[in-house]
Amino acid sequence: MPALLLVSFKQAVRSTTLIVLPLSFISLVAWATAGSSTGNTADPLRAAIWFFLIAHHVPLDLAFSNNSISGALTFFPLGALIIPYLAIKSGYKRLTQDRDVSTLRNKRALVLSLALTYALFGTLISLFATGSTVSAPWYLVFPILFMVAAISGFLSAQLLPNHGIQLPWQRALRASWITVIALTGLGGLVFALSLAWHFSTVLQLTQVIEPGIFGGLAFLAVQVLYLPNFAVSSLSYLAGSGIVIGSGSWLNPFVHRIDEIPAVPLLGGLPINTHPYMALLIGGLICVGAILARYGRQMYSNDLDFRQFLFSAIGFIGILILIIARISSGELLSSNLASVGPQWWLMPIVITAEIFIGAGLFIYVPILIRKIRESRNVTTQDK
């Protein structure tokens with residue numbers, strides 16, 4: 001075991017370096033072109049470690065001396081999670097070249113040792129980059145890094161359960177994550193169309209920032225990494241639960257309450273007024289519930305298995321929506337933007353309710369129609 005931890009620690013250092021070094025180079029170029037008179041050469045390295053923590057969704061507290069930025073950063077790009085995934089995948093692949101991975105037990109031990117040492121090393125370097133201006137809760141850094149590394153490792157090692165679907169809840173789990181992926185894809189498509197429709201506003205917001213050549217490339221990369229967040233927010237908008245951009249704001253097809261938006265080009269895709277006709281897409285979510293119930297009825301003729309499948313699927317959808325809504329929202333640098341993104345607590349409630357209504361309509365409308373027909377037949381016979 002000590003030998004395994006030692007080898008894993010070496011790979012953890014390498015995987016971390018794969019992330020920090022490119023970020024340091026980008027930070028160094030941005031720092032050099034900015035021409036700061038108060039900075040020092042250690043600033044790019046500290047900034048790279050900040051970006052390293054951000055990529056793993058570690059919350060940061062900000063308190064700069066000039067008070068231009070003061071608050072917290074918890075609104076993280078979902079797309080940035082691909083960075084630690086690729087680093088862990090590379091480290092795991094190199095570990096398997098020298099270690100025995102013929103059994104699932106050995107694979108799990110390898111993944112857990114890599115995740116443990118990766119989180120430990122990441123926590124150690126974070127201590128040198130955080131201070132009075134930028135800090136991270138020490139009690140969250142290690143568990144978050146470990147969780148991200150462990151999930152990435154399990155995906156890289158293909159350790160997810162691959163047994164056949166035997167029970168209704170297993171089929172429900174599969175159907176639920178496919179449903180959530182499809183709904184998020186729909187939100188992304190609608191947001192892409194909105195960006196194209198409001199492209200002039202996007203250009204205006206880009207011109208306000210004036211990031212320059214190198215800053216513009218870095219800013220573009222950040223915008224791309226934030227696209228999944230906006231796909232989830234678009235889904236929340238279409239479902240009716242809406243999105244928020246700061247305190248007191250709320251946007252949904254029926255409400256448009258917002259004073260101003262930050263100079264973020266992607267926010268140019270936001271609607272500029274109410275769009276009640278978009279509520280018709282709520283019917284699409286209700287249809288999803290009906291389709292889910294129809295699929296369950298085709299799979300299970302037994303009422304008990306059918307109910308177990310249906311309630312499990314709706315419950316799993318609610319949990320998955322809650323997770324992606326929560327990690328897609330957060331605070332953006334200022335207390336004025338304490339909440340940015342979907343209404344994370346309302347989104348799963350609304351979507352789950354709409355899918356439940358669709359499933360209920362599929363089940364009970366035919367029963368109601370049959371009873372009406374039977375009552376008419378009885379009335380006709382009496383006559």
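The values are calculated or read from the model by the stated rules, or taken from the named source; none is laboratory data. If you're wondering where the values come from, they're calculated on a predicted model, not measured in any experiment. All Cβ positions, even for glycine, are placed from backbone atoms using ideal geometry, and neighbour counts span all protein chains on display. Areas reflect the complete protein model, heavy atoms only, side chains present, ligands, DNA and RNA absent. Shrake-Rupley method; radii C 1.70, N 1.55, O 1.52, S 1.80 Å.
Only one of these conditions is not met by Leu280: (1) surrounded by fewer than 14 Cβ atoms within 10 Å (Cβ to Cβ); (2) of a type outside the set (Ser, Thr, Tyr); (3) more than 24 Å from Trp345 (Cα to Cα). Which number is it?
Among (1) surrounded by fewer than 14 Cβ atoms within 10 Å (Cβ to Cβ); (2) of a type outside the set (Ser, Thr, Tyr); (3) more than 24 Å from Trp345 (Cα to Cα), Leu280 violates only (3).
Hey, any hits in region 296-308 for a residue that's open to solvent by less than 30 Å² (accessible area, probe 1.4 Å), within 26 Å of the chain's Cα centre (by Cα) and on the phi < 0 side of the Ramachandran plot?
no
Please count how many residues of region 314-332 are farther than 15 Å from Ser236 by Cα and either of a type in the set (D, E, K, R) or open to solvent by 60 Å² or more (accessible area, probe 1.4 Å) (or both).
Number satisfying all stated conditions: 1.
Condition check ((1) closer than 28 Å to Asp43 by Cα; (2) aromatic (Phe, Trp, Tyr)) across all residues:
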| position | (1), (2) |
| --- | --- |
| Thr74 | yes, no |
| Tyr92 | no, yes |
| Leu95 | no, no |
| Ser102 | no, no |
| Leu110 | no, no |
| Thr130 | yes, no |
| Ala149 | yes, no |
| Ser152 | no, no |
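When only residues in region 120-143 that are among the β-branched types (Val, Ile, Thr) and touching a Ser or Thr at 6+ places or on another chain (Cβ under 8 Å) count, which is most open to solvent (accessible area, probe 1.4 Å)?
Only one residue tops the list, namely Thr133.
Got a sec? Which of Gly283, Gly248 is free of Cβ contacts under 8 Å to residues at least 40 places away in the same chain and touching a Lys or Arg at 6+ places or on another chain (Cβ under 9 Å)?
Selected residue: Gly248, the only one of Gly283, Gly248 that is free of Cβ contacts under 8 Å to residues at least 40 places away in the same chain and touching a Lys or Arg at 6+ places or on another chain (Cβ under 9 Å).
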